[in-house]
Amino acid sequence: MNFNMFKKYKAFVFDLNGTMVNDMPYHIEAWHKKINQLGGNLTLEEMKHQCYGKNDELLERVFPGKYKLEDRIKIGNEKEAIYRIEFKPFLKLIDGLDQFLQIADQKNIPMAIGSAAIMDNIEFVTKNMHLESYFKAIISANDVQKSKPHPETFLKCANALAIEPSECLVFEDTPKGVECALNAGMDCVVILGEHEADEFKHYENVIHCLNDYVGLATILSN
């Protein structure tokens, strides 16, 4: 990796869960408990592969036609409350991200968050970690009609930043998130956590798979 990897991009767009904070195990476990309480009978591994998109979409995938939209939203909010309580004692940014955000901000690179999380969860991270000043736009589950891998989330980020999609670099951690970036015409850096690098090798928009932001912060600072 070298600084040239950043030269073609004018903006950075970040997913939240698993990309900025290593909280996916907590989301998976919270959903696993909730889904099985409702009679879903999924293994933890099966639950892992369902954890993408908006909460109401996830519930419709697992329980097609069983719950009305308002019920799916209520169930999702109950799950999110469990997640925030269980994860808060362990809340911290992925290594190197704080420095990376500081350097990008100093270089006047506009940044956005594009997440399938509800706004309460996004603010749970940004406010507790004091990140609000870094982001010129935040697109949450509340702001889109179609969630990832549909490109609406990231396209709305680009539009809010007034930057062409092809000039935005996305940071993601899941195959569905990378697919969303691909559908939006954006390159992607993958932060590995719950997924292995081999799961991303067929995505032509992935420029790097990394464990954290430490090396990226060093490169961006040069």
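FYI, it's all coordinate maths here, none of it is from the lab. Since the model is a prediction, treat every value here as computed from it, not as a measurement. FYI the Cβ positions are ideal-geometry reconstructions off the backbone, even for glycines, and counts take in every protein chain you see.
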Distance cut-off 11 Å, percentage of C-alpha pairs in the range 163-203 lying past it: 59
Built amide H within the under 5 Å cut-off of Phe14, gap 5+: Ala112, Ile113, Gly114, Phe171
Phi-based couplings in Hz for the range 16-23 (Karplus 6.51, -1.76, 1.60; Gly and Pro marked x): 9, 5, x, 10, 9, 10, 8, 10
Helix 69-87 vs. the chain, principal-axis angle (Cα, 0 to 90°, nearest 10): 60
Cα-centre dipole for the range 24-89 with unit charges at Cβ (Lys and Arg positive, Asp and Glu negative), debye to 20: 100
Cβ-based net charge around Lys74, under 12 Å, with every Lys or Arg adding one and every Asp or Glu removing one: -1
Segment His49-Ser133, extension gain: residue separation times 0.36 nm, minus the distance between their alpha carbons: 26.9 nm
Shape category assigned to the range 24-89 from the gyration tensor of Cα positions, a/c cut at 1.5: oblate
Global geometry of the chain, whether rounded, prolate or oblate, following the gyration tensor of its Cα atoms and the 1.5 cut on a/c: prolate
For Cys209, distant residues with modelled amide H under 5 Å away: Val190
Built amide H within the under 5 Å cut-off of Leu93, gap 5+: none
Rounded if a/c under 1.5, otherwise prolate or oblate - the range 72-127, Cα gyration tensor axes: oblate
